[in-house]
Amino acid sequence: MQVAMIGTGYVGLVSGACFADFGHMVTCVDKDAGKIERLKAGGMPIYEPGLDQLVAQNVRAGRLAFTTETAQAVREADAVFIAVGTPSRRGDGHADLSYVYAAAEEIAKVMNGFTVIVTKSTVPVGTGDEIERIIRKVRPDADFAVVSNPEFLREGAAIEDFKRPDRVVVGAEDERAQRVMRELYRPLFLNETPMVVTDRRTSELIKYAANGFLAMKVTFINEMADLCEAVGADVQQVARGIGLDKRIGGKFLHAGPGFGGSCFPKDTLALVRTARDAGSPVSLIETTVQVNDARKAAMADKVLAALGGEVKGRTIGVLGLTFKPNTDDMRDAPSLAIIPALQAKGARIQAFDPEGAHEASQILKDVAMKDDPYGAAEGADALVIITEWDQFRALDLDRIKLLMTSPVLVDLRNIYKPQDMRARGFNYHSVGRA
Ligand SMILES: NC(=O)c1ccc[n+]([C@@H]2O[C@H](COP(=O)([O-])OP(=O)(O)OC[C@H]3O[C@@H](n4cnc5c(N)ncnc54)[C@H](O)[C@@H]3O)[C@@H](O)[C@H]2O)c1
């Protein structure tokens, strides 16, 4: 099949490369000429493990190409995916659909023959209807179907998630469109991946329901962590004790500094808005949003308390800035709330992140970026682990302790054991553990 991917970001580039790897002919389009230049020159605009090789292989095989020209990619395509951003609209939390609608208009102008337009971007219920209306207005004569196909990949494990998903969700009423979607995902059906075929609105809602539920699960264990601290229990054992129950499941039960990233914060907000507009508020998700926002502020207070309530003029080392390991994505990362809160109280921040330093330095002010974890520890009055990159699990702790001005370690991801750290002479603080 001929595929056009409109938007070559985290989702578009991974999906495009994976579809090419399935054997389809894919052209990835982006408005950002710098991004396309870089890809054409064999570079990568984002960090995602394994993606550079997958892209290079498929470019070499002639199945994957990049362009800034929507027309060129769409004209030949059987399926055109919309994978542009849907950030929170400033002020009201609604999903900003301006990129999606602009893409729909551009596609409409140039599409040719029966074309399936597939929304991979996360969009509120009814967006597919609006896309259909826009295309019909621009091209009353066109033969097309608009399909919803939400994406569930996780950054950091995106290729594996795309190629071995738990399920593929397709919202399509048109039979021809369903056939195209089956053909696109055929290699997955050979692996017996379940395909959930629904009407378009249901499919759109499935994505928000999934992210809302996961955000709520994370927030639940975070509240349990606070309770554990208050009553002298251990949240990791609580998580294991409940997670072994198959009705609950062990994933997304890691207590930490609150969820961030490019999806949960904006998708929970958008779900809240959609539900309110529909007159059917989702109070569990509204509370999840509030609890999570408060949590990020509380994490700065935790660091403050570990330093005896005073950080003015003191140096705090930070390990990990991205919203999770194995990505350079800084969108809504907890570090963006914690670091400025500490700076506002007069702390000096020095930080290390394996992949996110460049992106982080565009957003965070007055943070001294260091070349390795030891640089972040040097001369620090406290060291705070915000993101659990694997390399932070095997630090030379004796060296860290020697480098620090005082051995205060605040481990917001519980990657070390309290007894071990105390035995090594650290003043150790973690989340939800005595
Ligand atoms: N990042 C994730 O982990 C993830 C996972 C699942 C779903 N999603 C959803 O996928 C969508 C895309 O997310 P992302 O993280 O890939 O965003 P992104 O910001 O990384 O990429 C979007 C890209 O689209 C480009 N673009 C915008 N308008 C365009 C146009 N008219 N023509 C061509 N290119 C255009 C932008 O330049 C940008 O490169 C969002 O709706 C998001 O919620 C993201």
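The values are calculated or read from the model by the stated rules, or taken from the named source; none is laboratory data. From a predicted model like this one, the values you see are computed outputs, not experimental measurements. All Cβ positions, even for glycine, are placed from backbone atoms using ideal geometry, and neighbour counts span all protein chains on display.
Some values worked out for this structure:
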{"quantity": "Residue that is over 27 Å from residue 22 (Cα atoms), more than 16 Å from the ligand (Cβ to nearest atom) and charged (D, E, K, R), where the choices are 60, 139, 89", "calculated": "139"}
{"quantity": "Residue within segment 31-38 that is of a type in the set (Val, Ile, Thr) and either over 18 Å from the mean Cα position of the chain (by Cα) or surrounded by fewer than 24 Cβ atoms within 10 Å (Cβ to Cβ) (or both) present", "calculated": "yes"}
{"quantity": "Single residue of segment 162-174 satisfying the filter (charged (D, E, K, R) and in a loop (DSSP other than H, G, I, E, B)) that is surrounded by the most Cβ atoms within 10 Å (Cβ to Cβ)", "calculated": "174"}
{"quantity": "Test: residue 124 is away from the ligand (no atom under 11 Å from the Cβ), at pLDDT 95 or above and in a loop (DSSP other than H, G, I, E, B)", "calculated": "no"}
{"quantity": "Residue within segment 277-295 that is away from the ligand (no atom under 16 Å from the Cβ), among the hydrophobic types (A, V, I, L, M, F, W, C), over 23 Å from residue 432 (Cα atoms) and assigned to a helix (DSSP H, G or I) present", "calculated": "no"}
{"quantity": "Which numbered condition residue 104 fails, given (1) free of Cβ contacts under 8 Å to residues at least 24 places away in the same chain; (2) under 22 Å from residue 170 (Cα atoms)", "calculated": "(1)"}
{"quantity": "Among (1) in a loop (DSSP other than H, G, I, E, B); (2) acidic (Asp, Glu); (3) touching a Gly at 6+ places or on another chain (Cβ under 9 Å), the one test that residue 245 misses", "calculated": "(3)"}
{"quantity": "Residues satisfying the stated conditions in segment 39-57, i.e. of a type outside the set (Asp, Glu), within 14 Å of the ligand (Cβ to nearest atom) and touching a residue at least 12 places away in the same chain (Cβ under 8 Å)", "calculated": "39, 45, 46, 47, 49, 51"}
{"quantity": "Test: residue in segment 187-198 that is in contact (Cβ under 8 Å) with a residue 12 or more places away in the chain, farther than 30 Å from residue 329 by Cβ and part of a helix (DSSP H, G or I)", "calculated": "no"}
{"quantity": "Hits in segment 257-276 (condition: in contact with a Pro (Cβ under 9 Å, 6 or more places away or on another chain) and part of a helix (DSSP H, G or I))", "calculated": "266, 270, 271, 272, 273, 274, 275"}
{"quantity": "Hits in segment 340-376 (condition: over 19 Å from residue 328 (Cα atoms) and touching a Phe, Trp or Tyr at 6+ places or on another chain (Cβ under 9 Å))", "calculated": "374, 375"}
{"quantity": "Among the candidates 215, 239, residue that is assigned to a helix (DSSP H, G or I) and within 15 Å of the ligand (Cβ to nearest atom)", "calculated": "215"}
{"quantity": "One residue from 182, 201 being without any contact (Cβ under 8 Å) to a residue 24 or more places away in the chain, in a helix (DSSP H, G or I) and surrounded by 14 or more Cβ atoms within 10 Å (Cβ to Cβ)", "calculated": "182"}
{"quantity": "Selection within segment 1-38 - among the polar types (S, T, N, Q) and within 15 Å of the ligand (Cβ to nearest atom)", "calculated": "8, 15, 27"}
{"quantity": "Any hit, segment 347-368, residues being within 16 Å of the ligand (Cβ to nearest atom), small (Gly, Ala, Ser), crowded, with 24+ Cβ neighbours inside 10 Å and within 20 Å of residue 414 (Cβ to Cβ)", "calculated": "no"}
{"quantity": "Restricting segment 63-86 to residues that are more than 16 Å from the ligand (Cβ to nearest atom) and over 21 Å from residue 151 (Cα atoms), the residue that is surrounded by the fewest Cβ atoms within 10 Å (Cβ to Cβ)", "calculated": "76"}
{"quantity": "Count of segment 142-161 residues which are part of a loop (DSSP other than H, G, I, E, B) and within 15 Å of the ligand (Cβ to nearest atom)", "calculated": "9"}
{"quantity": "Every pair of residues 6+ apart whose Cβ atoms lie under 6 Å, when the first sits in segment 281-294 and is farther than 17 Å from residue 261 by Cα and loosely packed, with under 13 Cβ neighbours inside 10 Å while the second is modelled with pLDDT under 95 and of a type in the set (D, E, K, R)", "calculated": "none"}
{"quantity": "Segments classed as strands (runs of 3 or more DSSP E), wholly inside segment 353-434, with at least 1 members that are of a type in the set (Ser, Thr, Tyr)", "calculated": "427-429"}
